[in-house]
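What follows is a set of notes on a single structure, which appears directly below.
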Amino acid sequence: EAEVAQSPRYKITEKSQAVAFWCDPISGHATLYWYRQILGQGPELLVQFQDESVVDDSQLPKDRFSAERLKGVDSTLKIQPAELGDSAMYLCASSSSTGPVPSYEQYFGPGTRLTVT
Amino acid sequence: SQQGEEDPQALSIQEGENATMNCSYKTSINNLQWYRQNSGRGLVHLILIRSNEREKHSGRLRVTLDTSKKSSSLLITASRAADTASYFCATSGTASKLTFGTGTRLQVTL
């Protein structure tokens with residue numbers, strides 16, 4: 001069964017350092033999402049891509065966060081510089097939005113647990 | 001920001017009992033979805049109900065939607081220890097963006 005891949009699974013970094021996360025969505029899924037989930041809360045959308053274009057980054061802290069999906073396939077989320085408050089789980093998800101009946105179901109990867117010290 | 005509030009925040013039941021979780025949301029929706037998350041893992045889609053539907057079943061899951069009250073409920077019948085997880089409702093408007101609730105932590109004991 002196809003899965004969303006993420007790496008690394010765990011990352012510990014010091015405050016003010018740069019950190020990057022990678023996501024490979026399910027093959028053929030045009031829509032890719034990055035979420036941040038703070039412990040004890042639900043995921044919050046950071047950025048949504050349709051193919052290589054950003055369609056929603058309204059909740060992305062653009063002074064320190066950036067995301068790209070250059071070829072419309074895999075994606076990278078970067079934080080520079082990291083702050084203590086960035087400690088969270090970063091989840092990637094993908095969905096298939098093509099065809100006559102788009103699927104609203106999202107498929108999630110295992111996430112990257114980030115700890116900033 | 002979280003769209004939905006879930007109730008209860010935590011629920012502990014014995015294996016074989018039914019578990020009911022409720023979700024309330026604030027704005028008009030196209031559909032509402034329920035996801036499960038095992039500890040420290042990604043989310044798994046359980047069921048989707050569209051705004052023009054009132055009830056939907058999938059195996060041991062039953063979801064209801066009341067758009068006039070902006071609320072939904074998830075019923076898990078004959079619960080098993082493997083159902084122990086956090087459950088989230090998520091709403092979708094006109095686009096494919098999902099806004100998640102705060103979650104219900106379900107503990108099923110033997």
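Under a straight-distance cross-link criterion of Cα-Cα below 26 Å, which lysines are reachable from A:LYS11, leaving out those fewer than 8 residues away in the same chain?
A:LYS62, A:LYS71, A:LYS78
Could you line up A:ASP74, A:ASP86, B:ASP66 from fewest to most neighbouring Cβ atoms inside 10 Å? Don't skip to the end; give the middle numbers.
Working: A:ASP74 15, A:ASP86 20, B:ASP66 12.
By the 10 Å Cβ count, ascending: B:ASP66, A:ASP74, A:ASP86.
Rg to Rh for chain B: what is it, with Cα atoms only and Rh by Kirkwood? Don't jump to the answer; show the numbers that get you there.
Working: Rg = 13.2 Å, Rh = 13.8 Å.
With Rh from the inverse mean 1/r over Cα pairs, Rg/Rh is 0.95.
By a straight-distance test (C-alpha under 19 Å), which aspartates and glutamates pair with B:LYS26 as possible cross-link partners, with residues fewer than eight away in the same chain excluded?
Partners within reach: A:GLU44, B:GLU5, B:GLU6, B:ASP7, B:GLU53, B:ASP66.
How much net charge surrounds B:ARG80 when only other residues with a Cβ under 9 Å from its Cβ are counted (Lys, Arg +1; Asp, Glu -1)? Spell out each step's value before the answer.
On the way: positive: B:ARG60; negative: B:GLU15, B:ASP83.
That sum, taken over residues with Cβ under 9 Å, equals -1.
For segment B:62-104 and segment A:1-58, compute the distance between their C-alpha centroids and round to whole Å.
22 Å
Which Cα, out of A:SER16, B:SER58, A:GLY111, lies furthest along the positive dipole direction of the protein assembly as shown (beta carbon charges, K/R +1, D/E -1)?
Of the candidates, B:SER58 comes out farthest on the positive side.
Pairwise over distinct Cα atoms, reciprocal of the mean inverse distance: report the Kirkwood radius of segment B:1-41 in Å, one decimal place. Walk me through the numbers before you get to the answer.
Numbers: mean 1/r = 0.0788 Å⁻¹.
Radius from the Kirkwood sum: 12.7 Å.
Count charges around A:VAL47 for me, please; just the other residues with Cβ under 12 Å from its Cβ, Lys/Arg as +1, Asp/Glu as -1.
+1
Please name which of A:ALA2, B:LEU48, B:VAL108 has its Cα lying farthest along the dipole of the protein assembly as shown towards the positive end, using unit charges on Cβ (Lys, Arg +1; Asp, Glu -1) and the Cα centre as origin.
B:VAL108
Determine the dipole magnitude for the protein assembly as shown: charges of +1 sit on the beta-carbon of Lys and Arg, -1 on that of Asp and Glu, nothing else is charged, the reference point is the Cα centre, and the result goes in debye to the nearest 20. Kindly include the intermediate steps, with their values, before the conclusion.
Working: 23 positive and 24 negative charges, 41 e Å.
Magnitude of the dipole: close to 200 debye.
Relative contact order of chain A: what whole-number percent is it, with Cα pairs under 8 angstrom and at least 6 residues apart?
On the way: 295 pairs, mean separation 42.6, N = 117.
36 percent.
How large is ³J(HN,Hα), in whole Hz, for each residue of segment B:82-91 in order, when computed from phi with the Karplus curve 6.51 cos²θ - 1.76 cosθ + 1.60 and θ = phi - 60°, using x for Gly and Pro?
My calculation for segment B:82-91 gives 5, 7, 4, 4, 9, 10, 10, 8, 9, 10 Hz in order.
Just need the relative contact order of chain B here, percent rounded to a whole number, with Cα pairs under 8 Å and 6+ apart.
39 percent
When DSSP beta bridges are limited to those with both residues in segment A:5-104, what percentage is antiparallel, rounded to the nearest 5? Walk me through the intermediate numbers first.
On the way: 28 of 28 bridges.
In segment A:5-104, DSSP labels about 100 percent of beta bridges as antiparallel.
Rg/Rh for the protein assembly as shown: what does it come to with C-alpha atoms and Rh from Kirkwood?
On the way: Rg = 17.6 Å, Rh = 18.1 Å.
That ratio is 0.97, to two decimals.
May I ask what percent, to the nearest 5, of DSSP beta bridges between residues of the protein assembly as shown are antiparallel? Don't skip to the answer; put the middle values down first.
Numbers: 72 of 82 bridges.
Percent antiparallel among DSSP bridges in the protein assembly as shown is about 90.
About the Cα centre, and with charges only on the beta carbon of Lys, Arg (+1) and Asp, Glu (-1), how big is the dipole of segment A:37-117? Nearest 20 debye, please.
On the way: 6 positive and 11 negative charges, 36 e Å.
Value, rounded to 20: 180 debye.
Over the alpha carbons of segment A:12-71, what is the largest minus smallest coordinate on each principal axis, giving the biggest first in Å?
Projected onto the principal axes, the Cα atoms of segment A:12-71 cover 36, 25, 22 Å.
What is the local net charge at B:GLY40, summed over the other residues whose Cβ is closer than 12 Å to its Cβ (Lys, Arg +1; Asp, Glu -1)? Before the final figure, lay out each step's value.
On the way: positive: A:ARG9, A:ARG113, B:ARG41; negative: none.
Result for the neighbourhood of B:GLY40: +3.
Quick one: compute a quarter of the convex hull surface over the Cα atoms of segment A:1-114 and quote it in nm². Present the calculation step by step, with values, prior to reporting the outcome.
Working: hull surface 28.8 nm².
Averaged projected hull area, Cα only: 7.2 nm².
Read the figures in this text as sums done on the coordinates, not as results from a lab. Not measured: the values here are computed from a predicted model. So basically every Cβ, Gly included, is an ideal-geometry build from the backbone, and we count neighbours across all protein chains shown.
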